[in-house]
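What follows is a short report on a single structure.
No lab work stands behind these numbers, since they all come straight from the coordinates. Computed from a prediction, not measured in an experiment: that's the story for all the values here. Backbone-built Cβ (ideal geometry, glycine too); neighbour counts: all protein chains shown.
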Ligand SMILES: [Zn+2]
């Protein structure tokens with residue numbers, strides 16, 4: 001399962017990050033997941049919960065922010081979110097390129 005290995009590396013990053021703050025407890029982890037990243041947020045949250053259950057991170061909440069696919073027009077530079085895989089520019093019909101939606105990154109770590 002793809003999400004399980006992603007959740008495992010996320011937990012490792014969180015632990016590495018947390019060692020810089022001895023005595024602090026991780027309460028919330030922010031993660032940006034692009035629609036193009038191939039990651040299913042619910043499966044990722046489930047995997048995360050299974051991995052941290054009963055550990056020092058057992059009380060931490062994973063806060064997933066979905067990032068829609070965004071394209072930019074090569075001709076008129078318009079930037080737009082993609083709906084139903086319509087990849088041509090809604091203004092001029094020119095081909096576009098992907099400018100967002102493939103990210104998978106930790107955005108914040110809330111400690112207490
Ligand atoms: Zn255009």
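Observations, loosely collected:
- The number of residues in region 16-42 that are in a helix (DSSP H, G or I) and surrounded by 14 or more Cβ atoms within 10 Å (Cβ to Cβ) comes to 6.
- Number of positions in region 64-112 that are in a strand (DSSP E or B) and within 16 Å of the ligand (Cβ to nearest atom): 11
- Cross-chain or 6+ apart pairs with Cβ under 7 Å, region 70-93 first and in contact (Cβ under 8 Å) with a residue 24 or more places away in the chain, then more than 8 Å from the ligand (Cβ to nearest atom) and part of a loop (DSSP other than H, G, I, E, B): 70/82; 70/101; 71/82; 71/87
- Selection from region 11-34 of residues that are touching a residue at least 60 places away in the same chain (Cβ under 8 Å) and farther than 12 Å from residue 64 by Cα: 13, 14, 17, 18, 21, 24, 25, 26, 27
- If only residues of region 43-63 that are crowded, with 17+ Cβ neighbours inside 10 Å and not in a helix (DSSP H, G or I) are counted, the one that is farthest from the ligand (Cβ to nearest atom) is 57.
- Of all the numbered requirements in (1) in contact with a helix residue (DSSP H, G or I) (Cβ under 9 Å, 6 or more places away or on another chain); (2) in contact (Cβ under 8 Å) with a residue 40 or more places away in the chain, residue 59 misses one, and that requirement is (2).
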